[in-house]
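Written out below as structure tokens is the structure these notes cover.
The values are calculated or read from the model by the stated rules, or taken from the named source; none is laboratory data. Owing to the predicted nature of the structure, the values given are computational and were not obtained by experimental measurement. All Cβ positions, glycine included, derive from the backbone under ideal geometry; neighbour counts span all protein chains shown.
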Amino acid sequence: MRADVELVDAVGSRAPADVRPIRVRLALTVVSFGVLLAAAVVAAPLIGSTHISLAAALDRSIPFADNADAQIFFVARLPRVVAAALVGASLAAAGVIFQALLRNPLASPDTLGISSGAALGAILAITLHLDLPLPGAPAVPLASLAGSVCALGVVYALAAARRRGLSTTVLLLAGVTMTAFFTALILIAEYAADFGETFRTVRWLMGSLDVAGYAPIAAVLPVVCTAFVLFAPLPRALDLISFGEQSAAARGVDVLRAERTALVSASLATGAAVSIAGPIGFVGIIVPHLVRRLVGSDHRLVLPASALFGAAFLIACDVVARTVIAPLELPVGVVTALIGGPFFLWLLVRGAR
Amino acid sequence: MLEARGLFFSYPRSRPRGAGERPVLDDVSLEVRSGDLLGILGPNGSGKTTLLNILAGALAPDRGEVRLDSRPISAWARRDVARRLALVPQHTHAPFDFSVLDVVLMGRYPHLGPFALEGPADLAIARAALQATGTDAFEDRPFHTLSGGEQQRVAIASALAQSPRLLLLDEPTTSLDLGHQLEVERLLARLNREHGVTLVLSTHDLNLAAALCRQLILLKAGRVIAAGPTEAVLTPASIGALYGVEAEVERHARSSRLLVVPVRRI
Amino acid sequence: MASGLRAGGEGPRARRIAAGLLLAAALGASLRAAPPQRVVSLVPAVTEMIFAMGAGDRLVGVSSFDRFPPEVGRLPRVGALLDPDVERILSLRPDLVVVYATQTELKQRLARARVPTYSYEHRTLADIAGTLRSLGERLGAEAAANRAAGDLERAIAQVRASVAGRPRPRTLLVFDREDASLRRMYASGGYGFLHDMIEAAGGTNVLADVRQQAVQASAELILARRPEVIIELRTGENEAGHVRARDLAAWNALPSVPAVRSHRVHVLVGQEFVVPGPRVALAIKRLAAVLHPEIAP
């Protein structure tokens, strides 16, 4: 006998009151955050330290080489907006995944040492003046990506060493240890480097979205796409895993596979983001929190909403970074930190969960 | 329906086991037939939770095998297993803010998978499960604002939403007050009697086991020390062996419940 | 009578002692006034100045960044701006240590050890000759120092004269960027001796309005300022002397910049561009040759 049919008949069912079905909520969420992102993408290239006119930028009659407005719009600003969207979406989505995986709302893409590994890769490339024979393949971003993959490998191997699956406790400990270890290596590299190299590494660590072209974006686009494809089946599994691995397994979730996929995909997204723009903090923590306040905790809503909102958020932060002290620029990591610090204080004061 | 043979389990240790240490489960076998109401009785630390997780296929034993409908549980697809049996854990703790209805809807996962979204039918099943456990009034409340007992009942509703034929419950009444204990007891009895749901529950509450379960397995330090119909198994001798307590077993006149009254420690 | 005789005997001796003491003090004072003979220099620019005034043989220690003239190769290294090795410095028994104005802790420690210091401040182009002169005075080599300062001023004036009246190209002077890309580019702002060198060599710094020595130049800024000449400075330390074609290829990302379009992106390699010492004249000449190629060398 099927218990569900019997139960429904036996107790009768109430008509739904005000709870909208998930289909509607998902559609509403994606549309509203999508509109927000679209607005940001359209507005951001028009704002900057130099005044340009959209009409002039799109005017085909002026040869491109002479059209200053078009050059600034298409070569300087638009790639930057695209990079900000990609990095913001990747960091925010990775933040959501890491928080679910570690079952901790304070986790972030930095928790497991992935961004430290990426930073170490970049800094070694800077201080050792690594040189790649490939044309147009800048060494620093590629070394950064390699560093993040190494960090992932180490953390994964440590956490999977236990016989039975991926231990999140070991993951956390391994991550904290790797962060400390990589940071120490970074300090050694900076200390051993000469003045100019140290200056470069310090500036790299502040983050910058000035990509000056689509090449750095194109280089990591496959990695980001892979990560997002791997993200796709995770949200519901993560909902269930947050209640406990064994109860999730009893509900039919392949827990080990879901956790492995979560770790790898979120690390790839983080590594790609850091290799484009350097480490940018707070996006991976603030955005999931804000989004959860707006849409609830169902990861099927939180993940896409965070990716869209993270993209819009970082685009906005970059606009602030490049206009507030024009013609000079603030590092975008400074802007996200200036927003993130007070945000966390506010969270603490509210005592919110 | 569900059969376990020679289950052996121990947690991985970094150094070799000492002489006097015992495994968590040692050569445990049991059989559950359709329609049974089986209780696993034992003191804390006797391995009940581990046994239930292994029976649900959530944990793999070191040795031995679990068979669901005569097929090894490891040969089943996970979601197919979850459509037939559901596990209610002892504690439910969510680090994120979910509503009660959200929690119960998660029970529909084995039927929906990672990509399908819940539809009106799923909502109806979830609400029915809430009503069956008397928690329908909490539908929109955040799960973490409920009391321990209320959370336990919601957890049962969530398992019911899986539409299982076999329900495994880990200490379902431990954190409930007397009134709610009775309610859950009645609910489980009704599920078994009227809807044919097979139940396997673990408990250390002798009176619950005595009142509700028709079959019992006594588990001590990972070993089965007795198994069979309740009245045959629940004797002062077996209770003394299990808990080190001298007790009397009698039938209460008015309610005709089997009662266990502890007298003193042996 | 006897005591009076003795008193009389001590009076002249006391006067002799006093005279002796006075003489010693005068000698000591004149010894202190004697020019330093054992000089340690933590500032590469000052090292070059000391050699330029013919006092190079008095150097007993230089910084870890000193490279010129070749004679510094055999001198012991004592650290630099961030990591001066006080023990090493003191072990060389210097009677003058040239330090950066910002090295306050080092100055205090040397003062406690009673070692005189000369405090150097990194300022504008015009101050280089001034530093030469004041250092010459300190080292007791005024004549040679004044000659060197005069030579420097004349050389710079000569370059200024040769470019006077000519159109001044809009110039961007880049001193650092990420390899093989245009990211994290640092150029000279409107302040500092790099800026002064551009102006002396007959160019107009496109970033002259930014009151900073180093400006992180974003792609937008470069596009907005439209430099006609881009000069990249390399010290030749870590890179090979030759410039790799694909390093310059990075500029093809901004084809609309006038300098890129007209192929006026130049890389200049040499220490003289980053050391504000006597060789700045050479640096300015090289800059002028790039900015005004029509002037025959």
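Here are some conditions: (1) out of contact with any Lys or Arg (no Cβ under 8 Å at 6 or more places or on another chain); (2) within 14 Å of chain B (Cβ to nearest Cβ). A:Leu301 meets all but one. Which one does it not meet?
The one condition A:Leu301 does not meet is (1).
When you go through (1) surrounded by fewer than 24 Cβ atoms within 10 Å (Cβ to Cβ); (2) of a type in the set (A, V, I, L, M, F, W, C); (3) closer than 19 Å to A:Leu145 by Cβ one by one for A:Val274, which number turns out not to apply?
All conditions are met except number (1).
Which number in (1) modelled with pLDDT under 85; (2) more than 30 Å from A:Arg77 (Cα to Cα); (3) acidic (Asp, Glu) marks the one condition that C:Asp247 misses?
Result: C:Asp247 passes all but (2).
The rows are residues; the columns are (1) at negative phi; (2) modelled with pLDDT of 90 or more; (3) over 10 Å from the mean Cα position of the chain (by Cα).
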site: A:Phe64; (1), (2), (3): yes, no, yes
site: A:Asn67; (1), (2), (3): yes, no, yes
site: A:Val75; (1), (2), (3): yes, no, yes
site: A:Pro79; (1), (2), (3): yes, yes, yes
site: A:Leu86; (1), (2), (3): yes, yes, no
site: A:Ala89; (1), (2), (3): yes, yes, no
site: A:Val96; (1), (2), (3): yes, yes, no
site: A:Leu102; (1), (2), (3): yes, no, yes
site: A:Leu106; (1), (2), (3): yes, no, yes
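What are the residues in region B:59-94 that are away from every other protein chain (no Cβ under 11 Å), in contact (Cβ under 8 Å) with a residue 60 or more places away in the chain and touching a strand residue (DSSP E or B) at 6+ places or on another chain (Cβ under 6 Å), if any?
Correct list: B:Gly64, B:Glu65, B:Val66, B:Arg67, B:Leu68.
Does region B:166-182 include one or more residues that are part of a helix (DSSP H, G or I) and under 21 Å from A:Arg251 (Cβ atoms)?
no
Of all residues in region A:324-338, which are closer than 17 Å to A:Ile285 by Cβ, among the β-branched types (Val, Ile, Thr) and out of contact with any helix residue (DSSP H, G or I) (no Cβ under 7 Å at 6 or more places or on another chain)?
Hit for region A:324-338 is A:Val334, nothing else.
Test B:Ser163 against the criterion of being part of a helix (DSSP H, G or I) and either within 20 Å of B:Lys48 (Cβ to Cβ) or within 14 Å of chain A (Cβ to nearest Cβ) (or both), and give yes or no.
When the stated conditions are applied, B:Ser163 does not pass them.
Condition (residue is part of a loop (DSSP other than H, G, I, E, B) and either more than 19 Å from the chain's Cα centre (by Cα) or surrounded by 14 or more Cβ atoms within 10 Å (Cβ to Cβ) (or both)) applied to region C:142-163: is it met by at least one residue?
no
For the condition of a type in the set (Ser, Thr, Tyr) and surrounded by fewer than 21 Cβ atoms within 10 Å (Cβ to Cβ), what is the one hit in A:Thr336, A:Thr323?
A:Thr323
With the checklist (1) within 24 Å of C:Met185 (Cβ to Cβ); (2) crowded, with 24+ Cβ neighbours inside 10 Å; (3) under 15 Å from the mean Cα position of the chain (by Cα) in hand, flag the one item A:Ser116 doesn't pass.
Here A:Ser116 clears every test but (1).
In region C:74-94, is there at least one residue being hydroxyl-bearing (Ser, Thr, Tyr) and under 20 Å from C:Gly277 (Cα atoms)?
No, that holds for no residue.
Whether any residue in region C:201-211 is in contact (Cβ under 8 Å) with a residue 24 or more places away in the chain, surrounded by 24 or more Cβ atoms within 10 Å (Cβ to Cβ) and touching a Pro at 6+ places or on another chain (Cβ under 6 Å) is what I want to check.
yes
Could you figure out which of (1) under 16 Å from the mean Cα position of the chain (by Cα); (2) assigned to a loop (DSSP other than H, G, I, E, B) isn't true of B:Glu185?
Of the numbered conditions (1) under 16 Å from the mean Cα position of the chain (by Cα); (2) assigned to a loop (DSSP other than H, G, I, E, B), the odd one out for B:Glu185 is (2).
Could you list, in sequence order, all residues of region C:198-222 that are part of a strand (DSSP E or B) and more than 7 Å from every other protein chain (Cβ to nearest Cβ)?
C:Thr204, C:Asn205, C:Ala214
Within region C:102-121, can you find the residues that are within 16 Å of the chain's Cα centre (by Cα) and surrounded by fewer than 17 Cβ atoms within 10 Å (Cβ to Cβ)?
C:Thr102, C:Ser119, C:Glu121
Only one of these is surrounded by fewer than 22 Cβ atoms within 10 Å (Cβ to Cβ) and either among the hydrophobic types (A, V, I, L, M, F, W, C) or without any contact (Cβ under 8 Å) to a residue 12 or more places away in the chain (or both): B:Arg254, B:Arg214. Name it.
None of the other options fit; the residue is B:Arg254.
In region B:75-85, is there at least one residue being modelled with pLDDT under 90 and under 24 Å from B:Gly222 (Cβ atoms)?
no
I need a count of the residues in region C:47-71 that are in contact with a strand residue (DSSP E or B) (Cβ under 9 Å, 6 or more places away or on another chain) and more than 15 Å from C:Glu272 (Cβ to Cβ).
Qualifying residue count, region C:47-71: 10.
Quick check: anything in region A:163-180 in contact (Cβ under 8 Å) with a residue 60 or more places away in the chain, over 22 Å from A:Ala273 (Cβ atoms) and not in a helix (DSSP H, G or I)?
yes
Which helices (runs of 4 or more DSSP H) does region A:14-112 wholly contain that include 1 or more residues that are within 9 Å of another protein chain (Cβ to nearest Cβ), of a type in the set (Val, Ile, Thr) and under 22 Å from B:Phe96 (Cα atoms)?
The qualifying helices (runs of 4 or more DSSP H) are A:22-43.
Specify which of the listed residues (B:Val249, B:Val260) is aliphatic (A, V, I, L, M), assigned to a strand (DSSP E or B) and under 22 Å from the mean Cα position of the chain (by Cα).
It is B:Val260.
Step by step: first the residues of region C:129-159, then only those that are in contact with a Gly (Cβ under 7 Å, 6 or more places away or on another chain) and either among the aliphatic types (A, V, I, L, M) or assigned by TED's automatic domain parsing to the domain that holds C:Ile284 (or both), then the one that is farthest from C:Leu42 (Cα to Cα). Which residue is that?
Ranking the candidates gives C:Ala144 first.
If I ask for residues that are touching a Gly at 6+ places or on another chain (Cβ under 9 Å) and either assigned by TED's automatic domain parsing to the domain that holds C:Phe65 or of a type in the set (Lys, Arg) (or both), which ones from region C:270-287 would you list?
Selection gives C:Arg279, C:Arg286.
Is it the case, given these coordinates, that B:Ala137 is under 27 Å from A:Leu101 (Cβ atoms) and either in contact with a strand residue (DSSP E or B) (Cβ under 6 Å, 6 or more places away or on another chain) or free of Cβ contacts under 8 Å to residues at least 60 places away in the same chain (or both)?
no
Go through C:Leu135, C:Leu182, C:Leu81 for me and flag whichever is more than 14 Å from chain A (Cβ to nearest Cβ) and buried (at least 16 other Cβ atoms within 10 Å of the Cβ).
Of C:Leu135, C:Leu182, C:Leu81, the one residue that is more than 14 Å from chain A (Cβ to nearest Cβ) and buried (at least 16 other Cβ atoms within 10 Å of the Cβ) is C:Leu135.
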